[in-house]
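Here's the structure we're looking at; comments come further down.
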Amino acid sequence: MKTLVTGATGNTCSILIPALINAGQEVRAFVRNVEKAQPLKEAGAEIYVGDLDRPETIDNALKGIDQVYLCTWNGPTASTQGINVINAIKRVGMNPFIVRHSAFGSTGSRLIQQIDEVDQAIKSSGLRWTSIKPTFFMQNLMMAAQSIQTDSNIY
C-alpha cells in the first residue's frame, strides 16, 4: 500500500507521515517546498513536489497510489485545493481510498464552509472515502499563548 499525503509539511501531516512509515506504509509526501520536506525524506517518505492550487501538478503524484490522505491548508484556496485533488483522481481514472482530514465547527466560519464544500464534493464523487473530523489540536494552544499570558483568555 502506498499513501499520498497532501499537506505533508503541515503540523498534522508532518507527524502523521513518520507514524505511517513506522507502521510499514509507503508514503509519498506532496509538498511545495522540497527543503521543508527534508525531515520527511529522512524519515523514509518519497517526496513529490507540486502545488494543489495548480491541478496540472497533481496527476503524476497519484501514479501507483492506493490511498490519499487529503489535508489542505486553512487559507482562502482550501476548497479549491481539495476539489483539485478529487478531480485529479477522477481524471486519471484511479479509485484510491480517500481519508479526508475534515473538521467540526460553526457553519458561519469561512474555514468550515470551505471544508464542507470539499466534503460534499467527495460525497458526490463516487469515490471511496472516509472522513475524520477533529475539533481541536493541543498544538494549536501555542497560537493562544500570547492572549493567555496577557489576558488570561483563549479567543
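The values are calculated or read from the model by the stated rules, or taken from the named source; none is laboratory data. Note that the structure is predicted; figures quoted are calculated from it, not measured. Neighbour counts run over all protein chains shown; Cβ positions are idealised from the backbone, glycine included. Accessible surface areas use protein heavy atoms only, side chains included; no ligands, DNA or RNA. Shrake-Rupley method; radii C 1.70, N 1.55, O 1.52, S 1.80 Å.
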Set of aspartates and glutamates near LYS41 by C-alpha distance (under 16 Å), chain-local residues within fewer than 8 positions excluded: GLU26
Segment ASN11-SER147, length gained on full extension (0.36 nm per residue, minus Cα span): 46.9 nm
Additional length obtainable on full extension of the chain from ASN140 to ASN87, 0.36 nm per residue less Cα span: 16.0 nm
Computed E for GLN113/LYS41 - FRET, C-beta separation, R0 35 angstrom, nearest 0.05: 0.50
Packing-based order for 145-151, 112-118, using average beta carbon neighbours within 10 Å, highest first: 112-118, 145-151
Cα gyration tensor, region 32-100 - rounded (a/c under 1.5), prolate or oblate: oblate
Alpha-carbon centroid distance for the pair region 81-117 / region 1-15, whole angstrom: 15
Gyration tensor (alpha-carbon) shape descriptor, region 22-155, a/c threshold 1.5: oblate
Label-reachable residues, region 40-68, where backbone N falls under 20 Å from a point 7 Å from ARG32's Cα toward its Cβ: 40-41, 47-62
Ellipsoid equivalent to region 94-154 - semi-axes via the Cα gyration tensor, in Å: 32, 13, 7
Of THR80, SER106, PRO96, farthest towards positive along the dipole that unit charges on Lys, Arg, Asp, Glu beta carbons give region 32-155: PRO96
Unit charges on C-beta of K, R, D, E only; dipole of region 1-59, Debye: 140
Extreme residue, positive dipole direction of the chain, given options THR150, LEU20, LEU127 (C-beta unit charges): LEU127
Of all accessible heavy-atom area on region 15-155, the percent that carbon and sulfur account for (1.4 Å): 54
